[in-house]
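A.B. asks: Can you read through this structure? Questions will come right after.
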Amino acid sequence: MIRAEIQSKCFGAKQVLDPITLEVARGEVLAIEGSSGVGKSTLLRILASLDDDFDGRVEATGRMSMVFQEPRLMPWRNVGDNIRLTTRATAGAIGQMLTRVGLAGHENTYPRALSLGQARRVALARAFVVPPNILILDEPFTSLDPDRVADLLVLTRELIDSHRPATIFVTHSRHEARQLADRRAELTGQPARLVSKTGDMPQMQTA
Ligand SMILES: Nc1ncnc2c1ncn2[C@@H]1O[C@H](COP(=O)(O)OP(=O)(O)OP(=O)(O)O)[C@@H](O)[C@H]1O
Ligand SMILES: [Mg+2]
């Protein structure tokens, strides 16, 4: 479960977020859409406790995995080590997860030899290899080809159904949001607030 009550978030004199309340239960997926620069990554960093310089509070229980907007692999470590060092997963689990994201046998490949799409799949494998209780995804499927996105949507859904993390999924794609999410919201305005697009978040305004 993750619950947040944010009053405001500023960068210097610039206020990026207005009051935002959200709660995502175990097994539930909330998709957040919003235009570029509106504050989606800023909100996710707060939810992931990577930023504590804001007014408000976040309560999160259990192990959290985050997929960042950029794959964030350590260039001096191969794929297997990139996954192992942050998750302590076994070689067997890493091999299986790489196979599931379409990168079977790439444990010893270095990030510089990966396309952006492949690096994104490594980032997803790293997030999924030890099942999280909370899953935070920041545009994880951008720059992947449509067939691969379809496969990874299925994989993400399977993971959610079997391990039931509370999932927050930022995407520019309405299609991905519809496919994966139970509830959809939009981050909008300046400073930004969260507006429900599915009308089922009593604590939020409805679009
Ligand atoms: N470290 C920072 N210092 C100052 N301003 C920042 C910082 N990080 C983000 N901002 C500003 O906050 C606003 C929101 O940025 P954010 O990265 O959260 O947007 P976003 O919705 O994730 O956009 P995108 O869809 O392009 O990823 C932008 O105006 C950005 O310039
Ligand atoms: Mg962003």
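The values are calculated or read from the model by the stated rules, or taken from the named source; none is laboratory data. Predicted, not measured: the structure shown is a model, and the values here were computed from it. Glycine also receives a Cβ, built like all others from the backbone with ideal geometry; neighbour counts cover every protein chain displayed. What goes into the accessible areas is simple: the full protein's heavy atoms, side chains included, and nothing from ligands, DNA or RNA. Shrake-Rupley method; radii C 1.70, N 1.55, O 1.52, S 1.80 Å.
A.B. asks: Across region 163-188, what is the number of residues that are open to solvent by less than 80 Å² (accessible area, probe 1.4 Å) and within 16 Å of ligand 2 (Cβ to nearest atom)?
C.D. replies: Residues that pass the stated criteria total 11.
A.B. asks: Scanning region 27-43 for residues that are in contact with an Asp or Glu (Cβ under 6 Å, 6 or more places away or on another chain) and within 8 Å of ligand 1 (Cβ to nearest atom), which turns out nearest to ARG63 (Cα to Cα)? Let's see the steps before the verdict.
C.D. replies: Keep residues of region 27-43 that are in contact with an Asp or Glu (Cβ under 6 Å, 6 or more places away or on another chain), which gives 28-29, 33-34, 41.
Narrowing further to those that are within 8 Å of ligand 1 (Cβ to nearest atom): 34, 41.
On the way: GLY34: 27, SER41: 20 Å.
The residue in question is SER41.
A.B. asks: Right, another one. If I filter region 172-207 down to residues being part of a loop (DSSP other than H, G, I, E, B) and of a type in the set (A, V, I, L, M, F, W, C), which single residue comes out as modelled with the highest pLDDT? Write out each step before concluding.
C.D. replies: At the first step, the residues of region 172-207 found to be part of a loop (DSSP other than H, G, I, E, B) are 172-173, 181-182, 189-191, 197-204, 207.
Cutting the leftovers down to of a type in the set (A, V, I, L, M, F, W, C) gives us 181, 201, 204, 207.
Values: ALA181: 95, MET201: 64, MET204: 61, ALA207: 55.
Checked region 172-207; the qualifying residue modelled with the highest pLDDT is ALA181.
A.B. asks: Would you call ILE136 open to solvent by less than 10 Å² (accessible area, probe 1.4 Å), out of contact with any Cys (no Cβ under 6 Å at 6 or more places or on another chain), in a helix (DSSP H, G or I) and modelled with pLDDT of 95 or more?
C.D. replies: Values: open to solvent by less than 10 Å² (accessible area, probe 1.4 Å): yes; out of contact with any Cys (no Cβ under 6 Å at 6 or more places or on another chain): yes; in a helix (DSSP H, G or I): no; modelled with pLDDT of 95 or more: yes.
The answer is no for ILE136.
A.B. asks: With the condition kept exactly as written, say whether any residue in region 154-162 is under 20 Å from PHE68 (Cα atoms), under 12 Å from the mean Cα position of the chain (by Cα) and more than 16 Å from ligand 2 (Cβ to nearest atom). Show your work before the answer.
C.D. replies: First, the residues of region 154-162 that are under 20 Å from PHE68 (Cα atoms): 154-157, 159-160.
Next cut, under 12 Å from the mean Cα position of the chain (by Cα) only: 156.
When the remaining residues are screened for being more than 16 Å from ligand 2 (Cβ to nearest atom), the result is 156.
Looking for residues that are under 20 Å from PHE68 (Cα atoms), under 12 Å from the mean Cα position of the chain (by Cα) and more than 16 Å from ligand 2 (Cβ to nearest atom), one finds at least one in region 154-162, hence yes.
A.B. asks: Also, I was wondering about something else. For LEU124, are the conditions met, namely being assigned to a helix (DSSP H, G or I), crowded, with 24+ Cβ neighbours inside 10 Å and touching a Pro at 6+ places or on another chain (Cβ under 7 Å)?
C.D. replies: On the way: assigned to a helix (DSSP H, G or I): yes; crowded, with 24+ Cβ neighbours inside 10 Å: yes; touching a Pro at 6+ places or on another chain (Cβ under 7 Å): yes.
When the stated conditions are applied, LEU124 passes them.
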